[in-house]
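To keep things clear, I will list the structure first and then write my remarks on it.
The values are calculated or read from the model by the stated rules, or taken from the named source; none is laboratory data. Just so it is clear, the structure is predicted and the values come from calculations on it, not from any experiment. No Cβ is skipped: glycine too gets one built from the backbone with ideal geometry, and neighbour counts run over all protein chains shown. For accessibility, only protein heavy atoms count, side chains too; no ligands or nucleic acids. Shrake-Rupley method; radii C 1.70, N 1.55, O 1.52, S 1.80 Å.
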Amino acid sequence: MNAMNKEEYHFNYAVYDSIEALDPGDAALLAEARKVTAAAYAPYSRFNVGAVARLANGQTVAGTNQENASYPAGLCAERVLLSSAATLFPNMAIETMAISYHNMNGESDHPISPCGICRQSLAEYQERTKHPIRLLLSGMQGKIYVIENAGMLLPLSFGSADLR
Ligand code: THU
């Protein structure tokens, strides 16, 4: 008799030493994400985040974090991007999303990865477009993490199928 099983979850990601090690398309997307951090509205955290995605139709869409004096009203760069993409290009798959940032000291030498709420939003975007979103995560310099499927960041996720 065996009333209990242990399950395991693995995920892997690639680590590149710098933007020069990426292929030219990925390098260009990351360069855009680094640049668009300047458009963040982050007077409270002074933590600027920029995201740029390449869609299946070849278009790019950007997002930056947009904060508010009522703190919970603020939005992360990733969800601003997803809302724009879904509005400008309905049902268009996202191939790759690059995310960069810098903090109040202008420092950003390591990758950050999307917060929990954004992981949930990324998972649903993947589900509705039936296409994995590849992530390029990096600061303004230094290493880049490449994650082939954003859904891998949210194991045992809650989704639309659970509501039925
Ligand atoms: N933020 C993002 O935009 N994306 C992330 O992946 C992490 C956090 C924003 C939210 C808030 O405006 C600021 O960064 C500090 O948390």
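Things worth noting here:
- Those residues of the stretch 69-79 which are in contact (Cβ under 8 Å) with a residue 24 or more places away in the chain and surrounded by 11 or more Cβ atoms within 10 Å (Cβ to Cβ), in sequence order: 74, 76, 77, 78, 79
- With respect to the conditions (1) hydrophobic (A, V, I, L, M, F, W, C); (2) under 18 Å from residue 131 (Cα atoms); (3) within 12 Å of the ligand (Cβ to nearest atom), residue 85 falls short on a single one, namely (3).
- Any hit, the stretch 43-56, residues being within 16 Å of the ligand (Cβ to nearest atom), among the basic types (Lys, Arg), in contact with a helix residue (DSSP H, G or I) (Cβ under 8 Å, 6 or more places away or on another chain) and within 20 Å of residue 135 (Cα to Cα): no
- Some residue of the stretch 57-66 being open to solvent by less than 20 Å² (accessible area, probe 1.4 Å), within 25 Å of residue 142 (Cβ to Cβ) and in contact (Cβ under 8 Å) with a residue 40 or more places away in the chain: no
- Matching residues, the stretch 18-42, being over 13 Å from residue 139 (Cβ atoms), surrounded by 14 or more Cβ atoms within 10 Å (Cβ to Cβ), within 16 Å of the ligand (Cβ to nearest atom) and hydrophobic (A, V, I, L, M, F, W, C): 36, 39, 40, 42
- Residues of the stretch 108-137 satisfying the condition of being under 24 Å from residue 23 (Cα atoms), among the polar types (S, T, N, Q) and at pLDDT 95 or above: 113, 126
- For beta carbons closer than 7 Å, sequence separation of 6+ or different chains, a first residue in the stretch 1-27 that is at positive phi and a second that is assigned to a helix (DSSP H, G or I), there are no qualifying pairs.
- Taking the stretch 93-164 and the strands (runs of 3 or more DSSP E) fully enclosed by it, the elements with 2 or more residues that are farther than 25 Å from residue 74 by Cα and in contact (Cβ under 8 Å) with a residue 40 or more places away in the chain are at 144-147.
- Residue match in the stretch 94-107 (condition: open to solvent by less than 40 Å² (accessible area, probe 1.4 Å), of a type in the set (A, V, I, L, M, F, W, C), in contact with a strand residue (DSSP E or B) (Cβ under 9 Å, 6 or more places away or on another chain) and within 10 Å of the ligand (Cβ to nearest atom)): yes
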